[in-house]
Amino acid sequence: MPEIVLELAARLGAAALQHARSLDILVSVAVVDAGGHLVHFQRMDGAEIAGPTLAVDKAFTSVAHRASTAELGPLTRPGGPLEGMQANGGGRYVVFGGGVPLWSDGRVRAGIGVSGGTAEQDAACAEAAVAVWHEPTDRIEEGG
């Protein structure tokens with residue numbers, strides 16, 4: 001099965017950081033593999049102290065639920081079909097913007113999480129990484 005490799009994870013993180021710089025915000029960025037395991041992490045100097053945990057957990061949540069964390073938010077509100085989900089998984093599930101799964105061949109292959117700006121800014125930084133993911137390159141290799 002194809003897996004994300006460190007070099008690609010670093011390129012995804014760099015794209016998210018570049019977008020954060022363009023927004024004049026300080027963020028943490030995490031890339032996880034299909035199993036939710038951390039592959040790459042970066043924290044900009046001066047970024048919030050909660051960012052490292054939130055970025056990793058946003059990436060994990062997006063892979064675990066095969067949906068962006070922004071999409072999950074409305075579903076977890078009172079009366080929603082996933083009400084209370086964020087209280088499960090040891091509190092690891094994050095349900096506000098910034099986590100995005102990365103798909104290939106109909107399967108989630110990795111996830112990216114960004115934390116430090118507003119939920120909308122974090123999501124925009126993650127989407128900058130998604131654009132790199134979709135570039136026509138040797139983005140996935142066998143092994144890891």
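Just so you know, all these numbers are worked out from the coordinates, no wet-lab data involved. Keep in mind that what you see is a predicted model, and the values were worked out from it rather than measured. Every residue, glycine among them, receives a Cβ derived from its backbone with ideal geometry; neighbour counts consider all protein chains shown.
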message: Cut-off is 10 Å between beta-carbons; in what order do H19, H37 appear when sorted fewest neighbours first?
response: H37, H19
message: I'm checking a number: the convex hull volume of the Cα atoms of the range 6-133, normalised per residue, in Å³. What is it?
response: 92 Å³
task: Place the peptides 123-131, 92-100 in order of packing, highest mean first, counting for every residue the other Cβ atoms within 10 Å and averaging per peptide.
output: 92-100, 123-131
statement: Long-range amide H partners of V94, meaning residues 5 or more apart or on another chain whose placed amide H is closer than 5 Å, are T61
task: Starting with the fewest neighbours, write out D57, D45 ranked by other beta-carbon atoms found within 10 Å of each beta-carbon.
output: D45, D57
message: Just to confirm a number: summing +1 for Lys and Arg and -1 for Asp and Glu over residues other than L82 whose beta-carbon lies under 14 angstrom from that of L82, what do you get?
response: 0
- line: In the neighbourhood of D24 defined by beta carbon distances under 15 Å, the net charge of the other residues (Lys, Arg +1; Asp, Glu -1) is -3
statement: Per-residue Cβ contact counts at 10 Å, fewest first, order I25, I49, I4 as I49, I25, I4
